[in-house]
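The values are calculated or read from the model by the stated rules, or taken from the named source; none is laboratory data. Just so it is clear, the structure is predicted and the values come from calculations on it, not from any experiment. Please note: Cβ atoms are built from the backbone with ideal geometry, for glycine as well, and neighbour counts cover all protein chains shown.
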Amino acid sequence: MSDHEGTREIWPAFTDVMSTMALILFVLVLLAYVRSLISSKRLDALQRQISSSEQLLRTMNDDLRRTSAEVAAGRAALASSEGKVHDQESIIADSNRQLGVLRSQLQSIAVLRVDVLNKLKQAIEAELGSSNEAGAALVTIGDNGNVVINESLVFESNSYAIKSEAKPLLNGLGRALGSLLADSSVRENIDAIVIQGHTDERGSASFNWDLSAKRATAVVNYQFETNKTLVDSYGRYFAASAYSKFRPINEAQTAAAYQQNRRIEISVIPKDASVRKVIDDYTQNINPTLQPAQTTP
């Protein structure tokens with residue numbers, strides 16, 4: 001075989017090799033491209049994920065800052081509330097102290113009334129003794145705080161005429177009232193001494209209103225007619241009132257109960273000014289934070 005023929009046989013083989021290598025190279029480039037494309041998509045997805053994570057992180061940081069600010073504000077509000085609670089506790093303690101003083105002063109006025117009644121009772125007993133011939137107490141302090149003249153001989157049934165045997169009792173009562181009012185420390189706290197008339201339950205309400213009023217007035221008039229000093233010096237302290245049959249001290253329907261309910265009571269009324277002064281002093285000295293706000297009309 002000649003050299004020319006050998007060359008022709010070698011060349012196709014070389015061409016095939018080159019084609020194969022080119023094909024392989026193309027495949028490799030294609031694979032590299034596909035791999036690069038896949039990697040690029042993965043990278044884009046990863047970048048998007050990173051971007052989303054960064055956004056989420058920024059949102060969480062913002063939420064954290066807001067939460068921290070709210071916590072700080074809450075702590076400040078709590079501290080302020082604790083301070084206000086302490087202030088309110090101080091105000092309440094001061095108010096309780098002032099109310100205690102007011103209560104004590106009002107109680108002292110109530111005690112004064114009881115003291116006056118006891119002095120009146122003692123003055124009557126000093127004049128007449130503590131009991132009648134039957135051993136019953138002449139005067140008692142009732143549940144309502146009034147002095148009760150426990151003497152059944154003052155009035156007959158259906159009458160407001162003072163019986164003669166009751167006059168010594170009423171004379172002693174007048175002297176006792178005069179002695180009581182002569183004490184300036186007692187007198188300055190008394191607004192009125194009210195003579196109350198009471199009847200038993202028999203008869204109509206209107207009849208008993210009239211009868212009890214006449215009984216109370218009869219006792220006051222008797223005091224003034226028989227004790228000129230009492231009316232001249234202390235007449236302005238006396239008043240008469242009627243209670244008809246509506247305040248029985250014995251609700252039994254017996255002759256003894258009726259006799260017990262036909263009675264005279266003496267009520268000592270303290271001056272309202274004394275009570276008002278205590279309340280006015282309290283309202284003037286009360287903690288300003290407890291007083292109602294003034295509104296402009």
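A quick yes/no check of all residues on (1) of a type in the set (K, R); (2) under 47 Å from the mean Cα position of the chain (by Cα):
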position: N144; (1), (2): no, yes
position: E165; (1), (2): no, no
position: A176; (1), (2): no, yes
position: I193; (1), (2): no, yes
position: K214; (1), (2): yes, yes
position: V219; (1), (2): no, yes
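For I92, the test of being modelled with pLDDT under 75, on the phi < 0 side of the Ramachandran plot and surrounded by 12 or more Cβ atoms within 10 Å (Cβ to Cβ) is failed. Being part of a helix (DSSP H, G or I) and either aliphatic (A, V, I, L, M) or in contact (Cβ under 8 Å) with a residue 24 or more places away in the chain (or both) is the filter here; which residues of the range 198-209 pass it? Selection gives A205, N208, W209. Do we have any residue at all in the range 163-170 that's assigned by TED's automatic domain parsing to the domain that holds S130, modelled with pLDDT of 90 or more, assigned to a loop (DSSP other than H, G, I, E, B) and within 30 Å of Q253 (Cβ to Cβ)? No, the conditions are met nowhere in the range 163-170.
The listed residues are V231, V186, and the only one of them that is under 45 Å from the mean Cα position of the chain (by Cα), surrounded by 15 or more Cβ atoms within 10 Å (Cβ to Cβ) and not in a loop (DSSP other than H, G, I, E, B) turns out to be V186.
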